[in-house]
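Encoded as structure tokens, the structure appears first; notes follow it.
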Amino acid sequence: MVEPIVLGMALGVLAMVLHECGHLAAAAALKVRVKRIGIQWNKGFFTVREQGTTHQNLLIALAGPGVNLVLLILEPWFPLFSLANVCCVLANLLPIDGSDGYRVAACLRRIRQGEPAH
């Protein structure tokens, strides 16, 4: 039997990988070129991409947490995986420098200030 901590960590990593896949899919759909994908011990998974328009950046930033929210439909069958996805959403939407939440807030601020869509 797998230790609960190991299972929780594995499900957390899976939630983060699927989160990043959301960003990648959104970038591809919006034709924003991804330059690099990686993982850093202190930062976790990340993507480096070309700068898109404010609206593209907003959609790409929301795509990762959006994937985690959609995965919550699995809760009746995989409650621990759903918990991992909730944690992923909450951690990523905090407006901390470098997070999706920070990027979303910056994009919304620029849109509110009337920045052109490009």
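Structural remarks
- Within the stretch 72-100, the set of residues being touching a residue at least 24 places away in the same chain (Cβ under 8 Å) and either closer than 15 Å to E20 by Cα or touching a His at 6+ places or on another chain (Cβ under 8 Å) (or both) comprises A84, N85, C87, C88, V89, N92, L93, G98, D100.
- Of the residues making up the stretch 64-118, those that are in a helix (DSSP H, G or I) and aromatic (F, W, Y) are F81, Y102.
- In the set E20, E115, only one residue is among the acidic types (D, E) and surrounded by 14 or more Cβ atoms within 10 Å (Cβ to Cβ); that residue is E20.
- Cβ-Cβ distances below 6 Å connect the following pairs, each with a first residue in the stretch 46-63 that is among the aromatic types (F, W, Y), a second residue that is at pLDDT below 95, and a separation of six or more residues or different chains: F46/G38.
- The listed residues are V32, V48, and the only one of them that is in a loop (DSSP other than H, G, I, E, B) and either of a type in the set (S, T, N, Q) or touching a strand residue (DSSP E or B) at 6+ places or on another chain (Cβ under 7 Å) (or both) turns out to be V32.
- Unmet criterion (only one of (1) of a type outside the set (K, R); (2) surrounded by fewer than 15 Cβ atoms within 10 Å (Cβ to Cβ); (3) closer than 18 Å to C107 by Cβ) for I5: (3)
The values are calculated or read from the model by the stated rules, or taken from the named source; none is laboratory data. Treat the numbers as computed from the prediction; the structure is a model and nothing was measured. In this analysis, Cβ positions are derived from the backbone assuming ideal geometry, glycine residues included, and neighbour counts consider all displayed protein chains.
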